[in-house]
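What follows draws every value from the coordinates through simple rules; no lab data is involved. Worth saying up front: this structure is predicted, and the values here are computed from it rather than measured. Don't worry about glycine lacking a Cβ; one is built from the backbone with ideal geometry, like all the others, and counts go over all protein chains shown.
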């Protein structure tokens, strides 16, 4: 039933009033990647009548991937965007209501929880499943943006196979970069590790592993000027410590300077780690607030795979169902 309600919000010591239409539901899912859509499929089949808010990037990070070959059920691989359309259609088949929009504000202080979408509508819900994912950090180069999905990637585990036997580069100097370089060294011919500083920030164990891997070449005190190619990447222009240009020939560039969980609007209410990943009770999707659940990359900083995100979406839907049954 659609209603209207006046909201009084305290934000940066400014009080403002907003009149919004209100829709009530039992389960609201925020995010539309593998975690969100899987949660929607399970919640729909459990008759929770979920509503899913797609967010700023419908389909999540997989929509920036040209080919997905490591998700079970697609023996010949599948385009990332097409795969997410399959997920979406399956959720729709079971009755999920999918809404295009972005969540602006939330109030998890009490149930029913309040969620404002596009400053146009407010949802009051008994449970919330957060599946907003994480965004890979990039260098911000125009050439980097141009070659995303055509030689530039933020995930070696996802895309490394496509560069089997080729030369690639990893940009970064922390544990993530060292791990990505080590992983790629088992697939690729040669791996350049591009490090801005004159040392690795990675753990001692990872530094030792990198140094003992013969096909990893560490380029200290080098920065990336440009990623070059025609339709696909074929090289990089770097700058050394003397500000001299250095050209390397590579078929793929993996940016490994970290991820940013999309959790900012929830931090007022939910516990996060020092980076911003939402904390969940081990083995569950439960947050510090009863009735609010988190799944996928917004809470998983270890694996960040489509299959693990989907699995956690299933967990979140089951947790939400059991919570509602306990009321």
Relative packing of 200-207, 168-175, which averages over residues the other C-beta atoms within 10 Å, highest first:
168-175, 200-207
For the chain: relative contact order, % (alpha-carbon pairs under 8 angstrom, 6 or more apart):
19 percent
Just report the Cα centroid separation between region 145-177 and region 224-269, whole Å.
9 Å
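Calculate how many DSSP beta bridges within the chain are antiparallel, expressed in % of all such bridges and rounded to the nearest 5.
Antiparallel bridges make up about 50 percent of those DSSP assigns within the chain.
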Kindly provide the helix-only [θ] at 222 nm of the chain, computed as the sum of -39,500 (n - 2.57) over DSSP H runs of four or more divided by all residues, to the nearest 500 deg cm²/dmol?
-7000 deg cm²/dmol
Sort region 251-312 into rounded, prolate or oblate with this rule: let a ≥ b ≥ c be the square roots of the eigenvalues of the Cα gyration tensor; rounded if a/c is under 1.5, and if a/c is not under 1.5, prolate when a/b is larger than b/c, oblate otherwise.
oblate
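In what sequence, highest mean first, do 284-293, 78-87 appear when ranked by Cβ atoms within 10 angstrom?
284-293, 78-87
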From the convex hull of the Cα coordinates of the chain, what is the mean projected area in square nanometres?
18.8 nm²
Quick shape summary for region 146-300, equivalent ellipsoid via Cα gyration tensor, semi-axes whole Å in descending order, reads 33, 17, 16
